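The values are calculated or read from the model by the stated rules, or taken from the named source; none is laboratory data. Remember, predicted model here, so these are calculated numbers, not experimental data. Here Cβ is always computed from backbone atoms with ideal geometry, including for glycine, and neighbour counts include all displayed protein chains. Side chains are part of the model used for accessible areas, which takes the heavy atoms of the whole protein and leaves out ligands, DNA and RNA. Shrake-Rupley method; radii C 1.70, N 1.55, O 1.52, S 1.80 Å.
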Amino acid sequence: MSAAEAWLGRNAWQMAEGVAGGEVSARELAEASFARMDERDGALLAYTDQTRERALREAAAVDAQRARGEALAPLAGVPYAVKNLFDIAGLPTLAGGHRARTAGPAAADATLVARSAAAGACLLGGLNMDAYAYGFTTENSFHGVTRNPLDPNRVAGGSSGGSGAAVAAGLCAFSLGSDTNGSIRVPASFCGIYGLKPTYGGLSRGGSMPFVHSIDHVGPFARSPRDLARIFDVLSGLDLRDQACRRVVGAATEAAVLQAQQQGPGALRVARLSGYFDQWSGPEARRASERVAQALAASDELDIADVAAARAGAFVITASESGQLYRPALQTWYEDMEPNNRDRMLAGSLIPASWYVQAQRFRQVFLQRLLDYFERFDLLIAPATPVVATTIAQPELNLPGGRVPTRPSIGLLTQPISFIGLPVVAVPLPTDTALPIGVQLIAAPGREDVALAAAAVLEAQGLCFRQPWIREG
């Protein structure tokens, strides 16, 4: 293994410090990333597009800055990639769809891509996903199934499956994905990495392909809570391209993570969600949430009312908004749409307006119910997925609550939280098998720092899953 290849096992913040300190160059990191991609991605199918020329150009600019003695940006030289629903200047924005039915190349980068570039990160390419961000398994009919780096017979999760697999396999140091009903937290759980779904509006969706505007979130995947915190701080900020984006100044979440690593969780008030969340959790998922609750000294268990109704409301809003968004496509090129999704979208386009209005009204009721709990607690804990990564094309899940179809049911535990826009960090835990499973750390709106600090405590305690190929960092 070359010196540069060894750096691919480090965290993003360590790579940035290594570049700044002259221990490794940005070009070496980019070239080592593409070499690893050439070796592994043919089997994984995490990437749909590569941007080698751009990445090497961005790396050269970082190395030139350092040669001139200039201060480097917080992510200088760090290789990353983005779900292919983010605009990348010069490439078509696929959103997992059919290339022949995709608009021409994007004229400009999405806001978060532009901010990543300004922070010195080097873009490696676009990543595979469930078509139109509608799914939990990244079994894509056009670009192939993204396989789990830990077991190629299993899915990587979705809809940001390529984003999760690429980070877990060391094909980039961090990635960007989107999360409407669990599409960051599910791949993080299945692939054994960390994911952040910010507060709704916490990061800009400007220049990204919409799916369900009133629930869509965007956020990062990484291999450590500190990475997530640094990325979140760098990418935060008001953006007029996204009317939901209302975050003006970063909250210095990296500082909160560092403090938690040194001092522990402090007087953190924590509760574990039971009831519905236990009913729809397999044994590995429940044990993982209980281990986290014990590690964070959770004082209570909460059986929140109407969680199933919240999930139903999320389904109604998702189906209705996506059906209306894609209605022209359904009318003109139905046969070229993703077979796994087109009938669901067609049905969604026919949902009565009264159902949609009722779901949005209940959304506010359920949000207030959770906000009341945050008067008593700083953090809520729940499993991220009911089970470990499922096998490709697995038809059903056998859970304490009953047998359910796999593809829509992987989001049983994430959808009720997305529905109300709370910030969540997914942390990976080992299980008795070789596969990890994720736990959701759920905080009050705007308190990403609390969830990330708790994740850092769990990491420092050695409780979290570690990728088997990583030997350093």
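So here's what we get for this one:
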| quantity | calculated |
| --- | --- |
| Cα shape, the range 198-253, gyration tensor, a/c 1.5 rule | oblate |
| Residues whose placed amide H lies under 5 Å from that of residue 302, excluding near-sequence neighbours | 272, 273, 274 |
| Of all DSSP beta bridges in the range 10-153, antiparallel share, percent nearest 5 | 55 percent |
| Amide H partners (placed H, <5 Å) of residue 384, local residues excluded | 438, 439, 440 |
| Integer Hz, Karplus 6.51/-1.76/1.60 couplings in order for the range 145-152, x for Gly and Pro | 7, 6, 8, 6, x, 7, 6, x |
| Projected label distance in nm at residue 5 and residue 375, using a 7 Å step from Cα toward the beta-carbon | 5.9 nm |
| Value at 222 nm in deg cm²/dmol, rounded to 500, when DSSP H runs of n ≥ 4 in the chain each add -39,500 (n - 2.57) | -11500 deg cm²/dmol |
| Three-way shape call for the range 341-473 based on the alpha-carbon gyration tensor, with the a/c threshold at 1.5 | oblate |
| The range 298-410 shape via C-alpha gyration tensor axes, a/c threshold 1.5 | oblate |
| The range 1-100, accessible surface, carbon-and-sulfur percent (1.4 angstrom probe) | 49 percent |
| Stretchable slack from residue 343 to residue 38, in nm (0.36 nm times residue separation minus alpha-carbon distance) | 106.2 nm |
| Net lengthening on full extension, residue 213/residue 101 (0.36 nm per residue, minus Cα-Cα) | 38.2 nm |
| Span-rule helices in the chain, defined as complete DSSP H runs reaching 20 Å or more along the axis (Cα) with Kyte mean at least -0.5 | 307-325, 353-373 |
| Accessible area in square angstrom per residue, the range 153-241, 1.4 angstrom probe | 14 Å² |
| For a label point 7 Å along the Cα-to-beta-carbon line of residue 403, residues of the range 352-391 with backbone N under 17 Å | 391 |
| Antiparallel %, DSSP beta bridges [both residues in the chain], to 5 | 70 percent |
